[in-house]
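The block underneath contains the structure these notes are about, expressed in structure tokens.
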Amino acid sequence: MTRSERNVDVLIVGAGPAGLAAGAELAAAGAGRVEILEREQEAGGIPRHCHHGQFGGRFVRGGMSGPTYARQSVAAALRAGAGLRTGVTVTGWAGPATVETTGPGGLERITAGAVVLATGARERPRSARLVPGSRPPGVHTTGELQQAVHLYGQRIGTRAVVIGNESVAHAAVATLRAAGVHVVAVVTDRPAAPLRVRQRIPLLTGATVTGLTGRTRLSGVSLRHDDGRTTTLRCDTVVFTGDFVPDHELARRGGITLDPGTRGPAYDAAYRTSRPGVFAIGNLLHAVERAGVAADEGRAVAVSVLHRLSGTDEPPGRGRPVVVDAPLRWVAPNLTGPDGARPLKDRFVLRTARRLARPLLLVSQGGHELHRQRLLLPAVPGQPFHLAAGWLDRVDPHGPPVRITAR
Ligand SMILES: Cc1cc2nc3c(=O)[nH]c(=O)nc-3n(C[C@H](O)[C@H](O)[C@H](O)COP(=O)(O)OP(=O)(O)OC[C@H]3O[C@@H](n4cnc5c(N)ncnc54)[C@H](O)[C@@H]3O)c2cc1C
């Protein structure tokens, strides 16, 4: 089948909060023809089905529901002059800044002056979490649950167990209740819960899911507790929450270097990936932050894209990797550079695999200490914490990777 071919100045892949904000900013800045492609029929990204969230950002007072936030973000991008096409999936690459797409109009090949990847993150399904057992209906991730309830009005079940206790578990509980489902328990394998699910739902800590039972419909979730006990919770619905991974498929297909910690593209303070002219923003880089952060990154990437379009950007590839030692899981950005650039809000974002009480973060390069910083609050799995970026000026651009450790 033949593909039609055309050119744009900026191509943005993904119309979530990050991609829409980037589109609005670039179109308003006169970047030329700015086009946003979205594989879903409706633009807006995850907030489209987050009826119970609190969405907002730098420019929003208070908060609003996800669907309202999504509508406002779409309207802002269109008002600024960005082109938006839905039902169009970017499937691969045909050149350094040329992508292949499939959509209602057929197959296309689009070449851009700059490509911005804003493909977001997804929750890992049960199979990817190595939970054994049968595969009956009634097993969801939070995103699938929200779409079933809020976008398609489907019936869910009567008794549900929610697995995980990161903030997204609150959204799952709220959605289940809105659908009239009794929440039997929230289960976490962590010894102490980082966040409490309110409204008198039992919170089972230190419990691991060992299997799912049921044939034509889910009938229970088997658990093993830290003290060796085993139990089965009777339910017809289970929701696996949290455990996000960046939607990095397109980046991977383009041979873009991925960071081993975040599993999104490795990137620097200018949102540059290892592929010249290809930028990345939003939860593709760090699964997951709030929508306001993704949108802030969308606005921030515009400066770097404009440099690229006008040929005034620094070539990529000079930055030093920034790596973490366990129990830290990842840091973002995870490359230094370009010269003089600082990350959003002048800070790095990090995650830990286990709770650390007011840790001391040490930044070093080749054994030479660049910075130390005591956190005022505990670092908790699943929650972001931050490291000031002032030490970037002291990095040797020809030296070994920069290392962050926690004590
Ligand atoms: C259940 C849940 C509740 C949340 N609640 C809140 C909340 O209350 N407040 C808050 O601030 N944040 C909340 N968040 C986080 C917030 O939704 C995210 O931070 C935000 O959506 C990230 O924006 P993004 O643009 O990076 O990615 P996304 O919103 O995931 O958007 C990415 C878009 O890219 C599209 N896409 C992917 N690949 C392709 C491709 N190859 N071709 C074309 N299109 C593609 C996807 O379809 C999607 O629309 C919640 C998240 C979840 C999962």
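Percent of C-alpha pairs per 5 Å bin in region 125-240, short distances first: 2, 12, 24, 26, 22, 10, 3, 1, 0. So which trypsin sites (Lys or Arg not before Pro) in region 265-329 end up in coil per DSSP with only 15 or fewer other C-beta atoms within 10 Å? Answer in residue order: Arg318.
Phi angles of region 32-46 translate, via the Karplus equation with coefficients 6.51, -1.76, 1.60 and θ = phi - 60°, into HN-Hα couplings of x, 7, 10, 10, 10, 10, 9, 6, 6, 6, 10, 7, x, x, 4 Hz per residue; Gly and Pro are given as x.
Please give the charge dipole size of region 1-116, origin at the Cα centre, charges +1 on K and R Cβ atoms and -1 on D and E Cβ atoms. Round to the nearest 20 debye.
Value, rounded to 20: 280 debye.
What the Cα atoms of the chain give is an Rg and a Dmax of 21.9, 64 Å. Highest mobility in the GNM of the chain, judged by mean-square fluctuation with C-alpha springs under 10 Å and restricted to Gly382, Gly228, Gly214, is found for Gly228. The antiparallel fraction among DSSP beta bridges confined to the chain stands at about 55%.
Once the Cβ-Cβ distance of Ala353 and Leu151 is raised to the sixth power relative to R0 = 41 Å, the FRET efficiency obtained is 0.75.
Computed extension gain for Asn7 through Arg394, at 0.36 nm per residue and net of the alpha carbon distance, reaches 135.2 nm. Between His225 and His52, the simple spin-label model (points 7 angstrom out along Cα→Cβ) gives 2.6 nm. Between Tyr152, Tyr69, Tyr267, the residue with the greatest mean-square fluctuation in the GNM of the chain (Cα pairs under 10 Å linked by springs) is Tyr152. Counting only alpha carbon atoms, the long axis of helix 66-80 and the longest principal axis of the chain meet at about 10°. Ordering 330-336, 274-280, 93-99 by mean Cβ neighbour count within 10 Å, with the highest value first, yields 330-336, 274-280, 93-99. For the chain, the longest principal axis of the alpha carbon atoms and the long axis of helix 17-28 meet at an angle near 20°. Binning the alpha carbon pair distances of region 344-406 at 10 angstrom intervals from zero yields the distribution 21, 51, 25, 2, expressed in whole percent. Using the rule -39500 (n - 2.57) for each DSSP H run of four or more residues, divided by the residues of the chain, the 222 nm mean residue ellipticity is -5000 deg cm²/dmol.
Read-outs: derived from the displayed coordinates by stated rules, not from any lab. Computed from a predicted structure; not experimentally measured. All Cβ positions, glycine included, derive from the backbone under ideal geometry; neighbour counts span all protein chains shown.
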